[in-house]
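Undergrad: First the structure, which I've put down as structure tokens, then a few questions once you've had a look.
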Amino acid sequence: MKSYLQLTRHMGNNALFLAVEMSLVSTLRGNPLHIHAEGLRGTGKTTIMRSVKQILPNITRIKDCLYNCDPEKPHCPLHRNLTPQEIADLGTEEIPMPYLEISHSAKIGTVAGSIDLSKITNPSQPEAALLPGIIPQAHRGIVFVDEINRLADTSPEITDVLLDVMGTKPGRVQIEETGLPVVEVPVSVSVWAASNPDEEPGPLAEIRRQLSDRFDLVVSMGRPSTPEEVVEILSTNEEAQGKDRELSPQERKRLEKLQNDLADIALQNGLKMPDYLTNFLANLYIKYNIESLRALEAIRQAALLHCALRKRNQVLISDIMAVLPLALNHRVSPATLTEIMNAVGSRIVGDQPIGDNSNKKQREASPSENREGQSTDDEAPPMKARYLRDLFGKGAIKRESEL
Ligand SMILES: [Zn+2]
């Protein structure tokens, strides 16, 4: 398997690397960021999303708590009523941020929670207790769903659970078992999903519109666009092929550095959106008749994270530019998105000082970008209007000739 840092970055998948890193930082801060990668088979979306397991930062929980109770604010049925002293007596432990996957064969009990059979069948002390499912066990971490469009089509019950989890931040999950009182626990989980809109049953937005809108960001995956990128993919594939090899100490060190960087960034949580940018977003909302306020919240949250990852202390319009397509992809028509991007772009050219473009060349690297001096030029705001097809690469938009 390739390591997270070994995966080839190109125009078509850069935005996903950005999105997963933003989501990790946000999740550590206790503010989930839900992301959905849409793209054809072979664009590497699930590979990228799963390889993030190698860079999960640590969280501290009450020792052995299956719900990952934060010792500072315990929330689970077992610990929420304990005194600070009682919690201190239980002790704490560090674990990697949880990363769990919901498979298509999962039952509602596996996802939300069920009766704990080992406790009820314990001959010495039979007891009716709940076993938290995947979602409550992923509290303060990530839940990944591959082929979410198919899940939404075939498992309406699990889809409803996801809607509850993603409806508010933090969300909530209800554990229901016959004969036991219903237990509701808050969950702060970032939902990550992948799907191929060209395969059955079609795009998520058409299967379950409401669920599609709950994703803060949708990343349209594209293909590599230069022969050099393809050569790099092929040669690193060859290197990694067939061997489920151990990571070298050097690789381990670099992954650890990225992990620590992300944790440091998460701790610095003081960034604010300047008033003029908030007004700017409000104007976008009115002028382009954007349907959901969630879209604006997503832009705001993602722009702050984008700025934090670049280790700046001031949010710029270029931060908004970088995340706008991700937050609006699934919420406005392609034509409206082009219009918005052009309007924002020309505004940058019009009022020069807004987004500081004068030093466009001097880019701040995101923590994961400084590997082997490699960098990608996706973040610099365009100086003039770009065509939508250039924003997303090929494949995202159908041209007339293909229809
Ligand atoms: Zn607990």
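The values are calculated or read from the model by the stated rules, or taken from the named source; none is laboratory data. Quick caveat, the model's predicted, so the values are computed rather than measured. Reconstructed Cβ throughout: ideal geometry from the backbone, glycine too, with neighbour counts over all protein chains shown.
Undergrad: Do we have any residue at all in region 254-277 that's farther than 26 Å from Ser26 by Cβ and either basic (Lys, Arg) or modelled with pLDDT of 85 or more (or both)?
TA: No: region 254-277 contains no residue that is farther than 26 Å from Ser26 by Cβ and either basic (Lys, Arg) or modelled with pLDDT of 85 or more (or both).
Undergrad: Suppose we filter Ser3, Ser23 for residues that are small (Gly, Ala, Ser), buried (at least 16 other Cβ atoms within 10 Å of the Cβ), closer than 24 Å to Ile158 by Cβ and in contact with a Ser or Thr (Cβ under 8 Å, 6 or more places away or on another chain); which single one remains?
TA: Numbers: Ser3 fails: closer than 24 Å to Ile158 by Cβ.
Of the residues listed, the single one that is small (Gly, Ala, Ser), buried (at least 16 other Cβ atoms within 10 Å of the Cβ), closer than 24 Å to Ile158 by Cβ and in contact with a Ser or Thr (Cβ under 8 Å, 6 or more places away or on another chain) is Ser23.
Undergrad: Continuing with the same structure: Give, as residue ranges, the strands (runs of 3 or more DSSP E) completely inside region 73-119 that count at least 1 residues that are more than 19 Å from Ile59 (Cβ to Cβ) and within 16 Å of the ligand (Cβ to nearest atom). If you could, list the steps in order and put the result at the bottom.
TA: Working: elements: 92-96, 99-102, 113-115.
Output list reads 113-115.
Undergrad: Something else about it: Can you tell me which of Thr47, Thr60, Thr43 is at pLDDT below 95 and surrounded by fewer than 21 Cβ atoms within 10 Å (Cβ to Cβ)?
TA: Thr47
Undergrad: Considering each of Arg50, Arg9, Arg41 in turn, give the residue that is away from the ligand (no atom under 14 Å from the Cβ) and in contact with a helix residue (DSSP H, G or I) (Cβ under 7 Å, 6 or more places away or on another chain). Please lay out each step first, then the result.
TA: Working: Arg50 fails: in contact with a helix residue (DSSP H, G or I) (Cβ under 7 Å, 6 or more places away or on another chain); Arg41 fails: in contact with a helix residue (DSSP H, G or I) (Cβ under 7 Å, 6 or more places away or on another chain).
Answer to the check: Arg9.
Undergrad: Shifting gears a bit: State whether one or more residues within region 186-194 are closer than 22 Å to Ile108 by Cα, modelled with pLDDT under 95 and surrounded by fewer than 22 Cβ atoms within 10 Å (Cβ to Cβ).
TA: Kept after step one, since they are closer than 22 Å to Ile108 by Cα, are these residues of region 186-194: 186-194.
So of that shortlist, the ones also modelled with pLDDT under 95 come out as 186.
Filter again for surrounded by fewer than 22 Cβ atoms within 10 Å (Cβ to Cβ), leaving 186.
Scanning region 186-194 turns up at least one residue that is closer than 22 Å to Ile108 by Cα, modelled with pLDDT under 95 and surrounded by fewer than 22 Cβ atoms within 10 Å (Cβ to Cβ).
Undergrad: Let me ask something additional. Within region 48-93, can you find the residues that are of a type in the set (Gly, Ala, Ser) and touching a residue at least 24 places away in the same chain (Cβ under 8 Å)?
TA: Matches in region 48-93: Ser51, Gly91.
Undergrad: Condition test on Ile35, is it touching a residue at least 24 places away in the same chain (Cβ under 8 Å), more than 16 Å from the ligand (Cβ to nearest atom) and not hydroxyl-bearing (Ser, Thr, Tyr)?
TA: Working: touching a residue at least 24 places away in the same chain (Cβ under 8 Å): yes; more than 16 Å from the ligand (Cβ to nearest atom): yes; not hydroxyl-bearing (Ser, Thr, Tyr): yes.
Yes: the conditions hold for Ile35.
Undergrad: Based on what the data block shows, is Gly133 within 24 Å of Met221 (Cβ to Cβ) and within 16 Å of the ligand (Cβ to nearest atom)?
TA: Details: within 24 Å of Met221 (Cβ to Cβ): no; within 16 Å of the ligand (Cβ to nearest atom): yes.
No; evaluated as a whole, the condition is false for this residue.
Undergrad: Based on what the data block shows, is Asp198 touching a residue at least 40 places away in the same chain (Cβ under 8 Å), of a type in the set (D, E, K, R) and crowded, with 17+ Cβ neighbours inside 10 Å?
TA: Numbers: touching a residue at least 40 places away in the same chain (Cβ under 8 Å): yes; of a type in the set (D, E, K, R): yes; crowded, with 17+ Cβ neighbours inside 10 Å: no.
For Asp198, the condition - touching a residue at least 40 places away in the same chain (Cβ under 8 Å), of a type in the set (D, E, K, R) and crowded, with 17+ Cβ neighbours inside 10 Å - is not met.
Undergrad: Can you name the number of the only condition in (1) surrounded by fewer than 24 Cβ atoms within 10 Å (Cβ to Cβ); (2) touching a strand residue (DSSP E or B) at 6+ places or on another chain (Cβ under 6 Å); (3) not in a helix (DSSP H, G or I) that Lys53 fails?
TA: Among (1) surrounded by fewer than 24 Cβ atoms within 10 Å (Cβ to Cβ); (2) touching a strand residue (DSSP E or B) at 6+ places or on another chain (Cβ under 6 Å); (3) not in a helix (DSSP H, G or I), Lys53 violates only (3).
Undergrad: Now for a different question. Mind counting the residues in region 56-69 that are part of a strand (DSSP E or B) and either within 9 Å of the ligand (Cβ to nearest atom) or hydrophobic (A, V, I, L, M, F, W, C) (or both)?
TA: We begin by selecting, within region 56-69, every residue part of a strand (DSSP E or B); these are 58-62.
Keeping just the survivors that are either within 9 Å of the ligand (Cβ to nearest atom) or hydrophobic (A, V, I, L, M, F, W, C) (or both) gives 59, 61-62.
Residues meeting the conditions: 3.
Undergrad: Would you mind stating whether Ser23 is away from the ligand (no atom under 16 Å from the Cβ) and either within 17 Å of Ser188 (Cα to Cα) or touching a residue at least 60 places away in the same chain (Cβ under 8 Å) (or both)?
TA: Values: away from the ligand (no atom under 16 Å from the Cβ): yes; either within 17 Å of Ser188 (Cα to Cα) or touching a residue at least 60 places away in the same chain (Cβ under 8 Å) (or both): yes.
Taking the combined requirement at face value, the residue satisfies it.
Undergrad: What single numbered condition from (1) farther than 20 Å from Gln6 by Cβ; (2) crowded, with 17+ Cβ neighbours inside 10 Å fails to hold for Arg209?
TA: Exception for Arg209: condition (2).
Undergrad: Go through region 135-151 and count every residue that is surrounded by fewer than 24 Cβ atoms within 10 Å (Cβ to Cβ), over 14 Å from the mean Cα position of the chain (by Cα) and under 20 Å from Arg208 (Cα atoms).
TA: 2
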